[in-house]
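What follows is a single structure, written as structure tokens, with notes after it.
No lab work stands behind these numbers, since they all come straight from the coordinates. Computed from a predicted model, the values in this text were never measured in an experiment. Cβ placement follows ideal geometry from the backbone for every residue including glycine, while neighbour counts extend to all protein chains displayed.
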């Protein structure tokens with residue numbers, strides 16, 4: 001298998017893992033207030049999960065690895081999702097859609 005095929009295989013595996021992870025986990029709904037330039041934006045974990053599912057393959061691979069590690073350690077997944085909401089492009093998607 002050449003490196004391009006391996007990359008495509010990893011991308012498909014990561015995407016499938018993430019989809020199944022969120023389908024099978026009972027992650028409690030949460031929303032967070034994020035203030036940017038004095039304007040309050042509300043983002044919830046469903047929006048962050050949707051953003052993850054639309055992310056590029058390389059990002060999905062890193063997120064899948066992190067989800068696996070956090071879940072294996074019993075760490076609350078919403079803590080990670082909140083981090084992504086504050087630190088990633090999820091907020092920019094909200095602002096762009098307004």
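Please work out the FRET efficiency for the pair residue 70 and residue 40, using the Cβ-Cβ distance as r and a Förster radius of 25 Å; give the result to the nearest 0.05.
0.35
For residue 86 and residue 19, what does the FRET efficiency come to when R0 = 25 Å and r is the distance between their Cβ atoms, rounded to the nearest 0.05? Before the final figure, lay out the partial values.
Details: r = 24 Å, r/R0 = 0.95.
Efficiency, rounded to the nearest 0.05: 0.60.
Multiply the residue gap between residue 30 and residue 62 by 0.36 nm, knock off their C-alpha separation, and tell me the result in nm, one decimal place.
Gain in length upon complete extension: 9.3 nm.
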